[in-house]
């Protein structure tokens, strides 16, 4: 079974939702048969690289609140994060373009497989939500995080230096999100059949995992079977189909 | 869309079937949205490591043919391979335990992603079917092929030196093949919904790709949507759900 998670590094509910999903997954009896893939979604794709701003004033302006109210909202988000065992800095975070991080996550999947990608997204969340130093517009920091996820730092730097690298892969994920009807993130898709929108409680993810597991369809066989037809040439424990003269 | 291919390196129809599938995939309009994953299947799991035998006498004994008849059968297999542009040595090949190659293919997927895995299986097929030197019971040869697929040779050697590494992953693939009803290989599974058994003609793979593409189900949403419920906390282009006080 496969779970695809569309998310953005700048999305606090994605950070929280990943932990809630993982809680459900850890208790799922078939967890070893579940593959997790991270997909790209930018909340703010038009924000230029280099345009990094403090979160609190940005929130105040966006929602028409005072900065104190924005701080309160961040604190409540921090409470949600803390309930999942996550550190969340409610003051002094910033916000910027995440395209390069998404490119790097595609590089991680291609060069390091699913484990490296999952590790890297976890490190990016930690860097953005839990640590003092900004993760935006700092290629060397991204290279260091990639290395921490087990990837080759020189190869990661080459990806960041080439703005076209994995750019199509990020755009393809974003198109797919739109095709699947996702307007926001996190957005979880199980076997391309079930969708879970938002940082739902772990119980909802448990239900989704169980439902998707139970719904795995029986296979419909296309073409002829391997049981002796020349068209379905195959090998089995008793040997290979011998080609006809 | 995802295509999983169960196969064995010792399976000539897997070598031919991969090429036929790839011909269909290359002409499929949505090929960029198709991910290919290789799964393990051993034709002869009880053959001990180190028990490597010449193919022609083995075939003659297995099918009760003369060695000349076995040679003819191999030549006809070679004709099938040649029709797909593949080199196939009909004389002097050998046959042995493939478990270590399957472990290495899992390592490739985990450490190098799908591209490295696909490249490595192609190199293993080439080594087994097209080249003079045996690919069986020769860890250094497998290390060299892994390096040719872009993997770290020292890490590949460590996997081969530890017989437990990725052993469970190989066994899990084999259990899944049995659960899906595969008695032989190659066995192709599209989105866990459609199965194609054997080295079918490219047209059958084209039909399977089109049918699976057309059958991608609409998503069933589980839990509440992200449109304002506190349970489905999410971020969108207009900002993040603000946690309630």
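State all residues of the stretch B:56-85 that are under 24 Å from residue B:23 (Cα atoms), more than 9 Å from chain A (Cβ to nearest Cβ) and touching a helix residue (DSSP H, G or I) at 6+ places or on another chain (Cβ under 6 Å); if no residue qualifies, say none.
Listed by number, the residues that qualify are B:81, B:84.
Has the stretch B:178-187 got at least one residue that is buried (at least 16 other Cβ atoms within 10 Å of the Cβ) and part of a helix (DSSP H, G or I)?
No, the stretch B:178-187 contains no residue that is buried (at least 16 other Cβ atoms within 10 Å of the Cβ) and part of a helix (DSSP H, G or I).
Does residue A:87 meet the test of being more than 22 Å from residue B:113 (Cβ to Cβ) and assigned to a loop (DSSP other than H, G, I, E, B)? Give the steps one after another, and end with the answer.
On the way: more than 22 Å from residue B:113 (Cβ to Cβ): yes; assigned to a loop (DSSP other than H, G, I, E, B): yes.
Yes, satisfied.
Of these, A:28, A:21, which one is touching a residue at least 12 places away in the same chain (Cβ under 8 Å), under 18 Å from residue A:196 (Cα atoms) and assigned to a loop (DSSP other than H, G, I, E, B)?
So the residue among A:28, A:21 that is touching a residue at least 12 places away in the same chain (Cβ under 8 Å), under 18 Å from residue A:196 (Cα atoms) and assigned to a loop (DSSP other than H, G, I, E, B) is A:28.
Condition test on residue B:174, is it more than 7 Å from every other protein chain (Cβ to nearest Cβ) and in contact (Cβ under 8 Å) with a residue 40 or more places away in the chain? Steps first, answer last, please.
Numbers: more than 7 Å from every other protein chain (Cβ to nearest Cβ): yes; in contact (Cβ under 8 Å) with a residue 40 or more places away in the chain: yes.
In short, yes.
Restricting attention to the stretch A:202-214, report how many residues are facing chain B (nearest Cβ under 7 Å) and surrounded by 17 or more Cβ atoms within 10 Å (Cβ to Cβ). Can you show your working first?
Restricting attention to the stretch A:202-214, the residues satisfying the condition of being facing chain B (nearest Cβ under 7 Å) are A:204, A:207-208, A:211.
If we keep only those that are surrounded by 17 or more Cβ atoms within 10 Å (Cβ to Cβ) as well, we get A:204, A:207-208.
Of the residues in that region, 3 qualify.
Could you tell me which numbered condition residue B:17 fails, if it satisfies all but one of (1) farther than 16 Å from residue B:171 by Cα; (2) surrounded by fewer than 17 Cβ atoms within 10 Å (Cβ to Cβ)?
(2)
Please work out which residue is nearest to the chain's Cα centre (by Cα), limiting yourself to the stretch A:181-197 and to residues that are within 7 Å of chain B (Cβ to nearest Cβ) and more than 14 Å from residue A:3 (Cα to Cα). So that I can check it myself, show each step before the final result.
So the first thing to find is which residues in the stretch A:181-197 are within 7 Å of chain B (Cβ to nearest Cβ), and the list is A:181, A:183-186, A:189, A:191-197.
Applying the additional criterion that residues be more than 14 Å from residue A:3 (Cα to Cα) yields A:181, A:183-185.
Numbers: A:181: 17, A:183: 15, A:184: 13, A:185: 10 Å.
Taking the candidates together, the pick is A:185.
With respect to residue A:236, is the statement that it is modelled with pLDDT under 90, surrounded by 23 or more Cβ atoms within 10 Å (Cβ to Cβ), closer than 23 Å to residue B:208 by Cβ and at the interface with another protein chain (Cβ under 7 Å from one of its Cβ atoms) true?
Working: modelled with pLDDT under 90: yes; surrounded by 23 or more Cβ atoms within 10 Å (Cβ to Cβ): no; closer than 23 Å to residue B:208 by Cβ: yes; at the interface with another protein chain (Cβ under 7 Å from one of its Cβ atoms): yes.
Considered against the rule, which asks whether it is modelled with pLDDT under 90, surrounded by 23 or more Cβ atoms within 10 Å (Cβ to Cβ), closer than 23 Å to residue B:208 by Cβ and at the interface with another protein chain (Cβ under 7 Å from one of its Cβ atoms), residue A:236 comes out as no.
Would you pick out the residues in the stretch B:28-55 that are within 13 Å of chain A (Cβ to nearest Cβ) and farther than 29 Å from residue B:204 by Cα?
B:45, B:46, B:47, B:55
Any idea how many residues of the stretch B:116-169 are out of contact with any strand residue (DSSP E or B) (no Cβ under 7 Å at 6 or more places or on another chain), assigned to a helix (DSSP H, G or I) and in contact (Cβ under 8 Å) with a residue 24 or more places away in the chain? I'd like the intermediate steps shown before the answer.
First, the residues of the stretch B:116-169 that are out of contact with any strand residue (DSSP E or B) (no Cβ under 7 Å at 6 or more places or on another chain): B:116, B:119-120, B:122-133, B:135, B:137-169.
Filter once more, keeping what is assigned to a helix (DSSP H, G or I): B:116, B:119-120, B:122-130, B:139-148, B:153-161, B:167-169.
Next cut, in contact (Cβ under 8 Å) with a residue 24 or more places away in the chain only: B:116, B:119-120, B:122-126, B:128-130, B:139, B:142, B:145-146, B:148, B:155-156, B:159-160, B:167, B:169.
Going through the stretch B:116-169 one residue at a time, the tally reaches 22.
Looking at the stretch B:91-107, is at least one residue within 17 Å of the chain's Cα centre (by Cα), within 14 Å of chain A (Cβ to nearest Cβ), closer than 20 Å to residue B:148 by Cβ and free of Cβ contacts under 8 Å to residues at least 60 places away in the same chain?
Taking every residue of the stretch B:91-107 in turn, at least one turns out to be within 17 Å of the chain's Cα centre (by Cα), within 14 Å of chain A (Cβ to nearest Cβ), closer than 20 Å to residue B:148 by Cβ and free of Cβ contacts under 8 Å to residues at least 60 places away in the same chain.
The values are calculated or read from the model by the stated rules, or taken from the named source; none is laboratory data. This structure is a prediction, so every number in the text was calculated from the model and none was measured. Glycine gets a Cβ as well: all are built from the backbone with ideal geometry, and neighbour counts include every protein chain shown.
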